[in-house]
1. Can you give me the ranges of the helices (runs of 4 or more DSSP H) entirely in region 107-170 with at least 3 residues that are surrounded by 19 or more Cβ atoms within 10 Å (Cβ to Cβ)?
2. Tell me, yes or no, whether region 48-60 has at least one residue that is outside any loop (DSSP other than H, G, I, E, B), buried (at least 24 other Cβ atoms within 10 Å of the Cβ) and either in contact with a Cys (Cβ under 6 Å, 6 or more places away or on another chain) or not aliphatic (A, V, I, L, M) (or both).
3. When you go through R227, R234, R199, R184 one by one, which is the residue that is in contact with a strand residue (DSSP E or B) (Cβ under 9 Å, 6 or more places away or on another chain), surrounded by fewer than 18 Cβ atoms within 10 Å (Cβ to Cβ) and either within 22 Å of M85 (Cα to Cα) or of a type outside the set (G, A, S) (or both)?
4. Looking at (1) in a helix (DSSP H, G or I); (2) more than 30 Å from R287 (Cβ to Cβ); (3) open to solvent by 20 Å² or more (accessible area, probe 1.4 Å); (4) not acidic (D, E), which is the only condition A210 fails?
5. Can you find a residue in region 83-101 that is in a loop (DSSP other than H, G, I, E, B), crowded, with 22+ Cβ neighbours inside 10 Å and hydroxyl-bearing (S, T, Y)?
6. Could you figure out which of (1) out of contact with any strand residue (DSSP E or B) (no Cβ under 6 Å at 6 or more places or on another chain); (2) without any contact (Cβ under 8 Å) to a residue 40 or more places away in the chain; (3) hydrophobic (A, V, I, L, M, F, W, C) isn't true of L263?
7. Would it be correct to say that S78 is in contact with a Leu (Cβ under 9 Å, 6 or more places away or on another chain) and either touching a residue at least 40 places away in the same chain (Cβ under 8 Å) or assigned to a loop (DSSP other than H, G, I, E, B) (or both)?
8. Within region 15-31, can you find the residues that are open to solvent by 10 Å² or more (accessible area, probe 1.4 Å) and in a strand (DSSP E or B)?
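The values are calculated or read from the model by the stated rules, or taken from the named source; none is laboratory data. Please read all numbers here as calculations on a predicted model, not as lab measurements. For neighbour counting, all protein chains shown are included, and Cβ atoms are generated from backbone atoms with ideal geometry for every residue, glycine included. What goes into the accessible areas is simple: the full protein's heavy atoms, side chains included, and nothing from ligands, DNA or RNA. Shrake-Rupley method; radii C 1.70, N 1.55, O 1.52, S 1.80 Å.
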Amino acid sequence: MEPRITGFDYRRVTVADGVSLNVAVGGSGSPVVLLHGFPQTHLMWRHVAADLAADHTVICPDLRGYGDSDKPADTDGSVYAKRTMAADTVALARALGHERFALAGHDRGALVAVRAGLDHPEAVTHLASLDVLPTSDMWDVLHGTSAAVGFHLYLMAQPPGLPETLIGAAPDAFFGHFLDIWARDPEAIPAEIRAAYLRASRAAVVSIVADYRASATVDLDHDRADREAGRRLRMPVTVLQQDWGAALGFDAAGRWKAWAPDLVHSSVALGHFMAEEAPGEVVEALRSLLAR
């Protein structure tokens, strides 16, 4: 049996034509939606979700294309756009009875969260991002040999065919590589959770690549259009991230401030999988955000 978040109910919720998401829901109170990153599923929030459920309704979906959620074919390049996935998130919350909700995302989920905040400011009350930059900024700061840290971004940006073939030939080696090198505390992802991540990713190579490909195409177009139009995140925003600015030579807080005037930005001495490695610190940051 697949691991689950203890004490949470599981259901499938239709969010678009032909697309349903696998969702774990627990607790009661004001709603908080938690969006996972790569190469993970909703299980990455298991510790944080259990804590927040003491006084919030906590909603943890598998993103479309990941985990046990539907994986529609990317017929026109927009199926895995963050705009589409943000619309999924709003539709999910509404289907569960919530017109307004707080939203936190890690990695890929944070990109979805940012897009939801820009596209649906009437729905997103508070926004948190864990260890990522907005899409356009991410591409801007990668230069020269230091960009090798993001080799997977370039691989999965290639036209359909090659990346799916290469990754599909050794999926556990590919996805396991990131679980290994991005974790400062490997014990934070125990064997049964790691196995669940690898099983889920192995079954989702095509849709995961489509998600990343969108970030080099349509997502980038959407970010640039918003930047030119001067659109910003209107809600309180909290960002936790490793000190990538020092490593790659950019002002991380400044990059975020351009998008989020009401910003609390923290560089933290944690691994990438911070919700699993230091859930208490993440919960504290989220509770502080929700109090703003």
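1. Filter on region 107-170 gives 108-119, 135-141.
2. Just the residues of region 48-60 that are outside any loop (DSSP other than H, G, I, E, B), to begin with: 48-52, 56-60.
Now restrict to residues that are buried (at least 24 other Cβ atoms within 10 Å of the Cβ): 48-49, 52, 58-60.
In the following step, the residues that additionally are either in contact with a Cys (Cβ under 6 Å, 6 or more places away or on another chain) or not aliphatic (A, V, I, L, M) (or both) were identified as 49, 60.
Yes, some residue in region 48-60 is outside any loop (DSSP other than H, G, I, E, B), buried (at least 24 other Cβ atoms within 10 Å of the Cβ) and either in contact with a Cys (Cβ under 6 Å, 6 or more places away or on another chain) or not aliphatic (A, V, I, L, M) (or both).
3. Every option except R234 fails the conditions.
4. (3)
5. No - not one qualifying residue is present in region 83-101.
6. With respect to (1) out of contact with any strand residue (DSSP E or B) (no Cβ under 6 Å at 6 or more places or on another chain); (2) without any contact (Cβ under 8 Å) to a residue 40 or more places away in the chain; (3) hydrophobic (A, V, I, L, M, F, W, C), L263 is out only on (1).
7. So S78 fails the test.
8. Of everything in region 15-31, those that are open to solvent by 10 Å² or more (accessible area, probe 1.4 Å) and in a strand (DSSP E or B) turn out to be V15, A16, S20, N22, V25, S30, P31.
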